[in-house]
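Visitor: Can you keep this structure in mind? I'll have questions shortly.
The values are calculated or read from the model by the stated rules, or taken from the named source; none is laboratory data. Everything quoted here is computed from the prediction, not taken from an experiment. Positions of Cβ are backbone-derived with ideal geometry, glycine not excepted, and every protein chain shown enters the neighbour counts. Please note that ligands, DNA and RNA were not included when accessible areas were found on the heavy atoms of the full protein model with its side chains. Shrake-Rupley method; radii C 1.70, N 1.55, O 1.52, S 1.80 Å.
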Amino acid sequence: MKEITVVKKAIITAICIALCVVLPQAFHAIPNAGTVYLPMHIPVLLCGLICGWPYGLLCGAAGPLLSSLFTGMPPAAYLPPMVIECAVYGCASGFLSQVVHTKNTYADLYISLVGAMLTGRIVAGLARALIFAGGSYSMAAWAGGYFVTALPGIVIQLVLLPSIVFALMKAGLIPARYPGR
Amino acid sequence: MRQLPVGLYQPADSVIHRLSGSAKLLCMLLLLIGVVNTTTLPGYGIWVLLTALLIRLARISPGTALGSAVRLKWFFGVILFMNLCFYQPEDPWVRWWIFSPSYAGLIQGIQVVARVFLLLAMSNVLMVSTAPLVMTDAMERLLSPLRLIGVPAGLIAMILSVAIQFIPTLFEETDNIRKAQTARGARFDSPRLWDKAKAVLPLLVPVFLAAFKRADELSMAMEARGYRGDTQSRKKKYPPFQTADWLALLLCAAVAAAFVMIR
C-alpha cells in the first residue's frame, strides 16, 4: 500500500475531529467520564499517530472547540487548557511517530503514545500553573488530576490505541508501518 | 447519545441567516469579548436581552438555541452551589460544617453560570443560522492571512467543514453500533460503573473502523474528482461585505467596546 495522500490525511483528521464530538457523548452515561476515561484524547492521539504532527495539532485544537460549540462540553471555562493539552497530544504523538523507527510497530506505537501522553500532561500542567490558575495550582493537583483520576483513561488508551491502529492496518484502511514484516 | 446534537444548520429567511459567514464569525468573536468583560449583574441582564433578540432575529426556536445550555443544567447547578458555599468563607450568611454560603458567592456563581450560558446560546445561534459550506468559506477567509506564513488555510477550512458534516453521521453510526452491541448483551444501562465502562470499550473499535472506512471512501471519491488538497498558497476572491454585514460588525464592536470600557 502507498503512503497516505494529503487528501486522505485531511479526511482522517476531519473524522477524528468529528469523533472528538461524538465519543464523549458515547461515554456520557458514565458519571464523570470526561475526566476519568478521557474519550476525547483517543481520536486526537490516533490522528497524530496516523497522519503526523500538523494534522494531530489541528485535530487537538479543533476537536475540543467543536465539541464545546456543539455539545457545550467542555464548558467555556475549561476550554483553553483543554485545547492546549489536546493540541500537544496530537502534535507530540505525530512528531514521535514520524521520528521513532525501531523496526517494530508495537514499540513505535507505545514509545510515541507514552511520549505524547507525558508531554501533553507536562505542558497542560505548566499552562495551568503559569497561565490559567497562576499561583493556585499545585504539584499534587497536577498528579491527582492527570494521573490518578485519569488512570482508567490512561489504561484504556494504552490498550485500545495500538489495537485500533492494528485493526485499521489489517482492514487495509491505513498502510502498514513496516510492510512485509 | 440518542439525540443528534443541537447546533446543526437550520435553513430560514432571517436577518441573521442573510449575513455573510465571515461577518457572523467576526461578530461572534466581538460579542464573546463583550461577555467575557462583563462584571456586573445588570450587565449580564443586558446580555440576556441581547441574546434573546439575536434568537428572535434568527427566527430559531428558543429550544434549539438554548438546547446545549439546558442540557448542562446539573453542571450549572453544581457550579452555582460550589460558588455559593465556598467562594467567600470570611463573610457568610450562616456557617454549617464545611459550607459557608455568602452573598459574594451567590453573585460569583450567577456570573459564571450566566457567562457560560450566554456563550453557548450565542454559538448555537451562529451554528444554526450558518450553512456548513458558508461556514467553511468564512473560516477560510478569516484564516487566509495565515497563508503568508505557509499555513494551508483552504485545507484547514475543508477539514473543519467535513468534520462538522460528519458529526450527525457518526452519531447515527455510533448509535447503530451501540444497539448492535446491546443486542449482543452489552450493558450500557447497568447501574454499575464497571459494567458501563466494559460495555463502552467494545463500542470503540467498530466505531473507529466504520469511521475510517467512510474516510477512505470519501478521500478516494475526492481524489477521483481531481481534488489534491490546497497545500499551495493561492489567491481566492471573496465577495465584499454588504451594508448589513458592516452594520452588524459596527453594532457588535460598539457593544463589546462599551462593556470593555465600563469594566
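Visitor: Could you tell me which residue of segment A:148-161 is modelled with the highest pLDDT, considering only residues that are assigned to a helix (DSSP H, G or I) and over 23 Å from A:GLY94 (Cβ atoms)?
Guide: Checked segment A:148-161; the qualifying residue modelled with the highest pLDDT is A:LEU151.
Visitor: Applying the selection to segment B:222-256, what residues are assigned to a loop (DSSP other than H, G, I, E, B), of a type in the set (Phe, Trp, Tyr) and at pLDDT 85 or above?
Guide: If the condition is that a residue be assigned to a loop (DSSP other than H, G, I, E, B), of a type in the set (Phe, Trp, Tyr) and at pLDDT 85 or above, then B:PHE241 is the only one that fits.
Visitor: On to the next question. Please work out if A:LEU79 is part of a helix (DSSP H, G or I) and within 13 Å of the chain's Cα centre (by Cα).
Guide: no
Visitor: Still on this structure: Residue check: is B:VAL36 more than 22 Å from B:TRP246 (Cβ to Cβ) and in contact with a Lys or Arg (Cβ under 8 Å, 6 or more places away or on another chain)?
Guide: Yes: the conditions hold for B:VAL36.
Visitor: Criterion first (in contact with a Pro (Cβ under 9 Å, 6 or more places away or on another chain) and either open to solvent by 80 Å² or more (accessible area, probe 1.4 Å) or within 13 Å of another protein chain (Cβ to nearest Cβ) (or both)) does B:SER20 satisfy it?
Guide: Taking the combined requirement at face value, the residue does not satisfy it.
Visitor: Scan segment A:149-165 residue by residue and report those that are open to solvent by 30 Å² or more (accessible area, probe 1.4 Å), closer than 19 Å to A:CYS16 by Cα and either facing chain B (nearest Cβ under 10 Å) or without any contact (Cβ under 8 Å) to a residue 12 or more places away in the chain (or both).
Guide: A:VAL159, A:SER163
Visitor: Quick check on segment B:75-91. Is at least one of its residues more than 20 Å from B:LEU31 (Cβ to Cβ), out of contact with any helix residue (DSSP H, G or I) (no Cβ under 6 Å at 6 or more places or on another chain) and open to solvent by less than 40 Å² (accessible area, probe 1.4 Å)?
Guide: yes
Visitor: Right, another one. For segment A:88-111, name all the residues that are buried (at least 24 other Cβ atoms within 10 Å of the Cβ) and more than 15 Å from A:TYR178 (Cα to Cα).
Guide: Within segment A:88-111, A:VAL88, A:TYR89, A:GLY90, A:CYS91, A:ALA92, A:SER93, A:GLY94 qualify.
Visitor: Then there is this: Among the residues of segment A:166-181, write down those that are surrounded by fewer than 16 Cβ atoms within 10 Å (Cβ to Cβ), in a loop (DSSP other than H, G, I, E, B) and at pLDDT 85 or above.
Guide: Listed by number, the residues that qualify are A:ALA171, A:GLY172, A:PRO175, A:ALA176.
Visitor: One residue is enough: does segment B:33-51 have a residue meeting the conditions open to solvent by less than 20 Å² (accessible area, probe 1.4 Å), assigned to a helix (DSSP H, G or I), farther than 23 Å from A:PRO74 by Cβ and not aliphatic (A, V, I, L, M)?
Guide: Yes; the residues of segment B:33-51 include at least one that is open to solvent by less than 20 Å² (accessible area, probe 1.4 Å), assigned to a helix (DSSP H, G or I), farther than 23 Å from A:PRO74 by Cβ and not aliphatic (A, V, I, L, M).
Visitor: Please verify whether segment B:174-186 includes one or more residues that are touching a helix residue (DSSP H, G or I) at 6+ places or on another chain (Cβ under 7 Å), open to solvent by 50 Å² or more (accessible area, probe 1.4 Å), modelled with pLDDT of 80 or more and not basic (Lys, Arg).
Guide: Scanning segment B:174-186 turns up no residue that is touching a helix residue (DSSP H, G or I) at 6+ places or on another chain (Cβ under 7 Å), open to solvent by 50 Å² or more (accessible area, probe 1.4 Å), modelled with pLDDT of 80 or more and not basic (Lys, Arg).
Visitor: Right, something else. Would you confirm whether or not segment A:80-98 contains a residue that is closer than 18 Å to B:PHE208 by Cα and among the hydrophobic types (A, V, I, L, M, F, W, C)?
Guide: The answer is no; no qualifying residue exists.
Visitor: Step by step: first the residues of segment A:117-144, then only those that are polar (S, T, N, Q) and surrounded by fewer than 17 Cβ atoms within 10 Å (Cβ to Cβ), then the one that is farthest from A:VAL159 (Cα to Cα). Which residue is that?
Guide: So, considering only residues that are polar (S, T, N, Q) and surrounded by fewer than 17 Cβ atoms within 10 Å (Cβ to Cβ), the one farthest from A:VAL159 (Cα to Cα) is A:SER136.
Visitor: Okay, next question. Looking at A:ALA133, A:ALA124, A:ALA61, A:ALA76, which one is in contact with a Leu (Cβ under 6 Å, 6 or more places away or on another chain) and within 30 Å of B:MET122 (Cα to Cα)?
Guide: Just one listed residue meets the conditions, A:ALA76.
Visitor: Are any residues in segment B:91-111 in a loop (DSSP other than H, G, I, E, B) and under 19 Å from B:THR40 (Cβ atoms), and if so, which ones?
Guide: B:SER102
Visitor: Please pick out the residue among A:ALA92, A:ALA14, A:ALA61, A:ALA87 that is at the interface with chain B (Cβ under 8 Å from one of its Cβ atoms) and in a helix (DSSP H, G or I).
Guide: A:ALA14
Visitor: Based on this model, can you work out whether A:LEU58 counts as within 18 Å of A:LEU168 (Cα to Cα) and buried (at least 24 other Cβ atoms within 10 Å of the Cβ)?
Guide: So A:LEU58 does not fit the description; no.
Visitor: Which condition breaks for A:VAL114 when tested against (1) hydrophobic (A, V, I, L, M, F, W, C); (2) touching a residue at least 24 places away in the same chain (Cβ under 8 Å); (3) within 30 Å of A:PRO179 (Cα to Cα); (4) open to solvent by less than 30 Å² (accessible area, probe 1.4 Å)?
Guide: Of everything listed in (1) hydrophobic (A, V, I, L, M, F, W, C); (2) touching a residue at least 24 places away in the same chain (Cβ under 8 Å); (3) within 30 Å of A:PRO179 (Cα to Cα); (4) open to solvent by less than 30 Å² (accessible area, probe 1.4 Å), A:VAL114 misses just condition (4).
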